[in-house]
Each structure stands twice: as structure tokens, then as C-alpha cells.
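These notes concern the structure reproduced below.
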Amino acid sequence: MKKVSGFLLGMCLVLGTAGVAAAQEKSRDMHAPPPVLRIDREILKPGKSGSVHDRSESAFVKAMSNAKSPEYYIAMDSMSGKHRALYFTGYDSFAEMEKDALDDQKNAAFSAAIDRAEVADGDLLDSSDQSSWVYRPDQSLNQTGGLVGIRYFEIEVFQIKPGHEAEWDEAVKLVKAAYATVPDAHWAMYQNVFGREQPAYLVIIPRKSMSEVDAGFQQGAKFMAAMGADGMKKLSDLSAAAIASSETNIFAINPRQSYMMEDLTKADPDFWRPKAALAAETKKEKAEPKQ
């Protein structure tokens, strides 16, 4: 998973156009949508997912933990589409991403451990890629962050026709205004800056359970009512003009492949540390005197 990529050097040059020169708060711990999001994607060979991939990825988690790396990341497995894994790493800025990459390169033991892990993991992969995205709070809705209790991510990627960003922006404004009247509607919007054809946008909806997906479909009628017939026609026209393609998938967070900060694991130990939680409970039961 962990890639120490040469292209990170000099990334801070795009800060002016990306609009993420400063963060409102320390967000790399993923308690809020990070201003910069790096996504590592691994397309797995048939039969190489599940526990086989978990074992391979554990080497990355161990290396990160031993090095006390500040680059926490969330791993997730696809539940639709190709068998693949995503890894989300958040940063306050591209300058911070660059600093972390340079620090990694200076740590010989860490770099060697990552190199070994990548060789082993590579045998399981059909392909892999990496992309970078910037948070668009103006196009997000009710997204305050927080991962306690989150188990899934519903992710929709939009490829926009070059030169039609204005129609996209207008369509998002319509959708956001209508969904603002719908209870529990929320998402984080990210815009691509590196790693794929541009312009592209990513809608990320955190979910605590799959029942929220059912509820999302039920919200459709409320959304259409809020838009009205004229609004829906306008949205349809704008979408046709702006969107080249779109795809929606659901991913399940994989705690066994994630490298998470201590406060989150303590807040949700049964999920992030199921073995540790079970061991602690067993130890407690043994310590308690029998009635």
C-alpha cells in the first residue's frame, strides 16, 4: 500500500491553484475531511483478496507502527465492481505530504521494510495507481468528519467534460440546496488534481450501516419534491452538458489493513482492535472472582 513516490517532491507548487494552503484545524487524524486526500488503489488478482491480502498488508501496518509514522490511513475493500482495495491518507497540505515523504526516505529501516512489503504485496496485484484530491467544502453538505462507528464508504466519481466546469458547479448548487432540506443528507466533495483525467470529482458518503444505503434511496422522493419539476429538468440539462461519465460503488472499511491513530482505536476498540478487545475482556473475566 505505502508508496514513497518521487512525484511528491515539488507538489507544494500547486498550492496556489489548489486552494489548500492552510487547514482550519489539524485534520490528518481524519476527525474532519482532510484538505488533501491521497488515494492508493490496488486492483487484486482473482483469488488474492480476503485473508491473503490482509496478511500481505499487515507488513505495511507493522512498518508504519514501528516507525511511529504520522501518516495514518484507512483501508477499504470493494463490495461492488472489480476486486480492489482503497487506502485514504489525509494531509493538511501538499507541503505536508512532501515533508512526510522526505522524512520516510531518510528512515533507512522504514524504507527497507516498505520495500520488502511492496515486493510481497505486488505478487497479489493486477495493477495499482495513486491519485490526489482536494476538499471542496463549498460543494460538500453536512460533512463534519468523525469516523467512530463508520463502517462503509459510498463513493461516486464524476468525470466532467473539459470546459464544462461551470455547468457542473451550477448543478452541484442545485443538488446541495435541495438536499439541505432532506434530513441526514451528507457528503464530502473532492476535486482531483493529480493522477487521473481532469476535471474529475469524488463524492464520499460515510455510512454506519448498509441500512443507511436503503434510507438514501428513500430520500430520492424528498429530493425530487424539493427540486420540483422545473428544477429536475434544469438539473437534467446541466448534467447532460457537464458529466461525461459517473460510477458509484460501496466499500467496507477493513480495520486489519488500516493504520489508525490511538484515540480512534480506543473510541471504537471492538471494530479497530477486535482481537485486542477480546483479549482484554478474557483477561478481565479471568481476574474476576467466581460467584
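Please treat every number below as a calculation from the coordinates, not as lab data. Computed from a prediction, not measured in an experiment: that's the story for all the values here. Ideal geometry is used to build each Cβ from the backbone, glycine not excepted, and the neighbour counts take in all protein chains shown.
Computed over neighbours whose Cβ is under 11 Å from that of residue 172, the net charge equals -2, Lys and Arg +1, Asp and Glu -1.
Using a simple spin-label model with pseudo-atoms 7 Å out from Cα toward Cβ, residue 256 and residue 43 lie 2.5 nm apart.
For the stretch 141-197, GluC sites (Glu not before Pro) are listed when DSSP marks them as loop and at most 16 other Cβ atoms sit within 10 Å of their Cβ; the list is 197. Any idea how far the Cα center of the stretch 64-97 sits from the one of the stretch 141-184, in Å? Computed from Cα coordinates, the inter-centre distance equals 21 Å. Label-to-label distance for residue 106 and residue 184 is 4.8 nm, based on points extended 7 Å past Cα in the beta-carbon direction. Electrostatic tally near residue 242: other residues with Cβ closer than 9 Å to its Cβ, Lys and Arg +1, Asp and Glu -1, net -3.
Each Cα pair under 8 Å and six or more residues apart adds its sequence gap; the mean of these over the residue count of the stretch 6-276 is a relative contact order of 27 percent. Between residue 270 and residue 68, what is the FRET efficiency for a Förster distance of 22 Å, r being their Cβ-Cβ separation, to the nearest 0.05? Working from the Cβ atoms, E equals 0.35. Stokes-Einstein diffusion coefficient for the stretch 6-276 at 20 °C in a medium of 1.002 mPa s, Rh from the Kirkwood formula over Cα pairs: what value in µm²/s? This corresponds to a translational diffusion coefficient of 108 µm²/s. Spin-label model, residue 247/residue 263: points 7 Å from Cα along the beta carbon direction are separated by 3.6 nm.
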